[in-house]
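The values are calculated or read from the model by the stated rules, or taken from the named source; none is laboratory data. A quick note: this is a predicted structure, and the numbers were derived from the prediction, not measured. Every residue, glycine among them, receives a Cβ derived from its backbone with ideal geometry; neighbour counts consider all protein chains shown.
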Amino acid sequence: MVSNYRNLIALSIDTGKARESSGWQANVVKSLAALIAISVIYSNTISVQGVLTLTVIFLSQMLMLTFLAVTPSSSCDETADIGIYDTILAIASFLCGVFFVLHADEIETRVALFDPLATGHIITGIIIVLLTLEAMRRTVGLGLTGIVLIFIAYNLFGHVIPGVMGHGRISLNHFLDISLYTTDGLFGIPIRVAGSYVFLFVMFGTILARTGGSDFFFQLAAWISGRQAGGQAKVAVVGSGVYGMISGSPTSDVVTTGSITIPMMIKTGFRPSIAAAVEVAASAGGGLMPPVMGSAAFIMAEYTGLPYRDIIIAGIIPALLYYLAIFMQVDVRVRRLGLKGIDAEQINPLKQTLFSGGLFVVPLVAVTWGLLTGYTPTYAGLFGVAATALVAIIYNVKKIRWSQGFLAIVKNLFHITFDLLSETTMRMVGVAGACAAAGLVIGAISMTGLAGKFSSLLIIVAGQNEFITLVFAGLLTIMLGLGMPTPSAYILAAVLIGPRLAELGFSLMGSHLFLIYYAVLSAITPPVAVAAYAASAIARENPLIIAAYATRIAVVAFILPFIFVYSPALLMDDTIIMICGVTIVTCVAIIMLSVGIEGYMIANLTNIERLVFVLAAICGMTLTIFGVTLMIIAGSILLIKITRASKNIE
């Protein structure tokens, strides 16, 4: 039974593998990837073409790359040559892009549903939908593809459903018109953001990692926390937070930093499942940590109209509280287990770390400065790319062998740039597939009015009770995100649940950050915790066990959204006194909750004492006078008792 269940989960998230072509085929794929990166930079800086046309060009390019660079399934041999089937699909993707470009003026100026679609437009539309579905299946799995197919079927056949969930007849031409020839469907916000902000920030992260930036941040994390008890785990928390701040992807963070931190933790006494869970929980926070916050935050800015600068400012305190919670749980656990830190000889001195990589702080400063001074995320990403490239040149100029001649130096720089551009685009393949899926779903929802019906359903279930509505909103967002990338989970929740939260009077900022938090948490929540599956391959442990432990470690993240929705001070939307007061109370509550969950503070706690700590912490998080008073009284009594007990033992 369990085996069948795991096989079903594996099937739903099964994707193709990155093809390891050789010879001329590898050169073709890498060249195409590099050209796409150049095309994206051109589109976001110089091009004057319409938004719809640029978005179509980006998607057709990514479809071409997907069919050439990703195998049809995980069972395929990644070293096999590109087949005829893949070549035909790539050519079809190219021709669809050419068709849209040739008819760009007509498509940009036509009136949807008024000007009839020509036969060529209908045929091209059907082909590009089928190509997108196949690319989705290869990059994000059958689970998300199946959800998209359900929404498409609901569009075309929902008129036969009786009652409130039914809708008027939508013909194939109507569906194609809205989904493909407007910016409300496939070529809407998600894929448009993927081809602008997200792409440039992925490029920023790729260059930073490949030129030594990730090593610098890892060494800095080791210097900050490596010598403490259980320093290996704390390095994982700090390092994953810093790297995740750049990558914004829980799964990517697990694969990148986890390959170092998980084996390191296991060697020093952590159980494989716990080591992997610490990495998964820490990596999940990357999608919540400013200044990047992952692609979901960019989509939030585009969808809500809120300035991205305001979003990252609002997200600072909750993200820091999230990492405080993980750090505290790890700290309490390692002290209870008596684990030691990293040997001092294995940690570089701060002076050496700063000398060898300190300038890599400059790109982060450049990105933050760009966002805070009002530049668009696109230009902030470009600032980050330019600053990283400059820092990389400074650190590597001494390695250049000037004696080899000017042409040889230029050739080497060309190869380095070529590799970075192609790697950036390859990292975007899965993101493009997920965003295309989200676009099709958004189109389906807008055509059928499903968002309003979903809000009505929430009213029936939760009534006008704000708290119960938030509980259902969190649960539904996690369910929508099972097996899905964070951007897709967020956009579905934003379209289906966001309107109901607005009706109840919750702020636009608070309610959408609430949905982003739960979209991120879906990556670590059983039964389909994609980040845990990534960690299981490194730790060689059951992914469901890893997910269960990661959920326990990140339990505060499930509570924080409720706090900042009701207390905007955590989002810096209040007076300085209120912001500081609420933050301090929440910090204390988090520490008490960590102590209660792990059952240790100076000495081991009894089950009753643990329960008192947990209840007092939860009551304190309500930020009411009663809750805060209970937290202070309970904490003081238990602290005195445990201190006396430890003295008696001595």
Scanning the stretch 355-375 for residues that are free of Cβ contacts under 8 Å to residues at least 60 places away in the same chain and touching a Phe, Trp or Tyr at 6+ places or on another chain (Cβ under 9 Å) gives Leu359, Val361, Ala366, Trp369, Gly370, Tyr375
Quick check on Thr119: is it farther than 26 Å from Gly430 by Cβ and more than 30 Å from the chain's Cα centre (by Cα)? yes
Problem set entry | So Arg610, is it in a helix (DSSP H, G or I), closer than 30 Å to Gly338 by Cα, basic (Lys, Arg) and out of contact with any Asp or Glu (no Cβ under 9 Å at 6 or more places or on another chain) | no
By residue number, the members of the stretch 77-108 that are under 13 Å from Ser21 (Cα atoms) and in contact (Cβ under 8 Å) with a residue 24 or more places away in the chain are Glu78, Thr79, Ala80, Asp81, Ile82
The residue from Thr388, Thr353, Thr368 that alone is within 23 Å of the chain's Cα centre (by Cα), polar (S, T, N, Q), assigned to a helix (DSSP H, G or I) and more than 26 Å from Val520 (Cα to Cα) is Thr388
When every residue in the stretch 42-61 that is out of contact with any helix residue (DSSP H, G or I) (no Cβ under 9 Å at 6 or more places or on another chain) and not in a helix (DSSP H, G or I) is compared, the one modelled with the highest pLDDT is Ile46
Thr182: passes all of (1) at pLDDT below 75; (2) in a loop (DSSP other than H, G, I, E, B); (3) of a type in the set (S, T, N, Q) but (1)
Filtering the stretch 115-153 down to residues that are modelled with pLDDT of 85 or more and either in the same structural domain as Thr448 (by TED's automatic domain parsing) or charged (D, E, K, R) (or both) yields Glu134, Arg137, Arg138
Within the stretch 265-302, restricting to residues that are modelled with pLDDT under 75 and in a helix (DSSP H, G or I), the one that is farthest from Phe327 (Cα to Cα) is Ser295
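Can you tell me which residue is farthest from Phe472 (Cα to Cα) among those in the stretch 556-607 that are among the β-branched types (Val, Ile, Thr) and assigned to a loop (DSSP other than H, G, I, E, B)?
The selected residue is Ile602.
Restricting attention to the stretch 506-532, which residues are farther than 21 Å from Ser295 by Cα and either touching a strand residue (DSSP E or B) at 6+ places or on another chain (Cβ under 6 Å) or modelled with pLDDT under 90 (or both)?
Pro526, Pro527
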With respect to Val56, is the statement that it is touching a residue at least 24 places away in the same chain (Cβ under 8 Å) and surrounded by fewer than 22 Cβ atoms within 10 Å (Cβ to Cβ) true? no
### Task
Please indicate, with yes or no, whether at least one residue in the stretch 579-600 is touching a helix residue (DSSP H, G or I) at 6+ places or on another chain (Cβ under 7 Å), at pLDDT below 80 and buried (at least 18 other Cβ atoms within 10 Å of the Cβ).
yes
By residue number, the members of the stretch 402-454 that are within 17 Å of the chain's Cα centre (by Cα) and either in a loop (DSSP other than H, G, I, E, B) or of a type in the set (Asp, Glu) (or both) are Met428
For the stretch 568-588, pairs from a residue that is farther than 13 Å from Thr622 by Cα to a residue that is among the aromatic types (Phe, Trp, Tyr) and at pLDDT 90 or above, with Cβ under 7 Å and 6 or more apart or across chains, are Leu571/Phe564
Residue pairs within 6 Å by beta carbon, gap of at least six or interchain, first lying in the stretch 291-312 and in contact (Cβ under 8 Å) with a residue 40 or more places away in the chain, second part of a loop (DSSP other than H, G, I, E, B), listed first then second, are Val292/Gly248; Gly294/Gly248; Ile312/Pro290; Ile312/Pro291
Checking Thr477, Thr469, Thr448 in turn, the sole residue that is in contact with a His (Cβ under 6 Å, 6 or more places away or on another chain) and either modelled with pLDDT of 80 or more or under 30 Å from Met62 (Cα atoms) (or both) turns out to be Thr448
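Let's see how each residue does on (1) of a type outside the set (Phe, Trp, Tyr); (2) not assigned by TED's automatic domain parsing to the domain that holds Ala314:
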residue: Ala531; (1), (2): yes, no
residue: Ala534; (1), (2): yes, no
residue: Tyr549; (1), (2): no, no
residue: Pro561; (1), (2): yes, no
residue: Thr586; (1), (2): yes, yes
residue: Ala589; (1), (2): yes, yes
residue: Tyr600; (1), (2): no, yes
Given (1) within 14 Å of Met328 (Cβ to Cβ); (2) touching a Pro at 6+ places or on another chain (Cβ under 8 Å); (3) not hydroxyl-bearing (Ser, Thr, Tyr), Val614 misses just (2)
The condition from (1) among the β-branched types (Val, Ile, Thr); (2) farther than 23 Å from Gly158 by Cβ; (3) surrounded by 24 or more Cβ atoms within 10 Å (Cβ to Cβ) that Ile491 misses is numbered (2)
